[in-house]
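A short write-up of the structure that comes next.
The values are calculated or read from the model by the stated rules, or taken from the named source; none is laboratory data. What you see is a predicted model; the values in this text were computed from it and never measured. When we count neighbours, we look across all protein chains shown, and the Cβ atoms used for this are built from the backbone with ideal geometry, even at glycine.
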Ligand code: NDP
């Protein structure tokens, strides 16, 4: 039976690669998931007749569209917009929009697949999707961003809705972009359908603690993992990559828990501050002035700035939290971290560690918190935002944060228990894949061949 299911998974992977040979990021995800989930397939041989894997890795719908917009010089610009509606097996499609020049179908299919499993782990009734554009908001004026968002939504609106597909933010899509997108949606629909987008401003249906949710949630998850290993986070040295939404609030919660965060980065380089990162300064540079992280050293004399972001992993630390982007921590970086005595790695970004880096870390017994279980806090509070929108009642920060803590505890427990149940004790990545896939597969099987 094992050989049979392994052969089935192998064939599905070969077909995926043959069908879209250029979609490397998607192949990586498919490979990572397929190598973990064999035990679920063995427990359910009926899934093979269901062609469950073939369906799982084929998006239910993929939308690609033109986004024309006018820049400040009055010139027409044309970008490409995407929405990958991956799975609605357990709820409406849910997942962020990414605006970044690197956005393509491969990256979005990888992110959408991760989202399906992550959302299943959240314990909330949400399916998975992802979207975005190769538009780069960096260096654009507010007016340009607004006109782009309006044009983007003028096409996207017909494919989304509170019970259909609920986009949110991701890289390059923060509160400003969500505001413009929501404004245009409302204008076109002529109705106040607050639950169509999450990450909204607090004055128009947003949830308290959504901004903090992914970073805070990551630390709640990592703390459970450390507690189980009898490691106290207090006093530990932490390195965080990125200085965007996830990184900022990961730093904040790590500091609140008594850890010392000594470095963070952006796509140009990283800062090392031996006295501990001054988060108020990072927030001022990144959230208020939308500047570059190198400006940090102007105000902190002992801090050092180094060009190139990969070097951030050469800094000695107990806990490494990659919170910037995919594939930012590779095997070479993992080796340096291990040599420097790292005890735990927690993924805040989506798939920031390469597969060989993860493999190495796990072999060296470094505690590893995988993104799809550890960064589930963001989408979970998005789902709580939808709940508040349906109730037409806003909750307090404390209420949302308490629920977030429970969600992260459950996400940790599900990944840990599934790893134990299926004979890969301690492997939270395999556990997360197994638990998430088992839930989605059961729902797909129950709903027939659709
Ligand atoms: P932001 O756009 O707020 O921040 C991204 C950060 O990463 C910025 O500091 C950016 O630097 C840096 N960065 C971007 N590309 C690179 C690169 N190629 N190399 C090094 N650094 C880079 O995004 P988020 O914080 O929202 O998202 C970060 C990650 O977390 C993404 O993988 C996202 O998918 C994931 N995630 C986000 C969630 C959320 O709630 N926001 C939820 C779950 C996952 P610069 O300022 O120079 O652009």
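Tabulated data
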quantity: Positions within the stretch 273-287 being over 29 Å from residue 405 (Cβ atoms) and within 14 Å of the ligand (Cβ to nearest atom), in sequence order; calculated: 285
quantity: Residue ID - surrounded by the most Cβ atoms within 10 Å (Cβ to Cβ), chosen from residues in the stretch 207-254 that are within 13 Å of the ligand (Cβ to nearest atom) and over 21 Å from residue 282 (Cβ atoms); calculated: 221
quantity: Checking residue 425 against (1) assigned to a helix (DSSP H, G or I); (2) surrounded by fewer than 24 Cβ atoms within 10 Å (Cβ to Cβ), the condition it does not meet; calculated: (1)
quantity: Breaking point among (1) at pLDDT below 95; (2) within 16 Å of the ligand (Cβ to nearest atom), for residue 49; calculated: (2)
quantity: Condition met for residue 246 (touching a helix residue (DSSP H, G or I) at 6+ places or on another chain (Cβ under 7 Å), under 26 Å from residue 142 (Cβ atoms) and in contact (Cβ under 8 Å) with a residue 60 or more places away in the chain); calculated: yes
quantity: Criterion (under 24 Å from residue 376 (Cβ atoms) and either touching a helix residue (DSSP H, G or I) at 6+ places or on another chain (Cβ under 6 Å) or within 16 Å of the ligand (Cβ to nearest atom) (or both)) met by exactly one of 13, 34; calculated: 34
quantity: Residues located in the stretch 425-441, provided they are in contact (Cβ under 8 Å) with a residue 40 or more places away in the chain and more than 19 Å from the chain's Cα centre (by Cα); calculated: 427, 438, 439, 441
quantity: Any hit, the stretch 188-195, residues being at pLDDT 95 or above, more than 19 Å from the chain's Cα centre (by Cα), more than 13 Å from the ligand (Cβ to nearest atom) and crowded, with 24+ Cβ neighbours inside 10 Å; calculated: no
quantity: Within the stretch 255-272, tally of residues that are surrounded by fewer than 22 Cβ atoms within 10 Å (Cβ to Cβ) and away from the ligand (no atom under 14 Å from the Cβ); calculated: 7
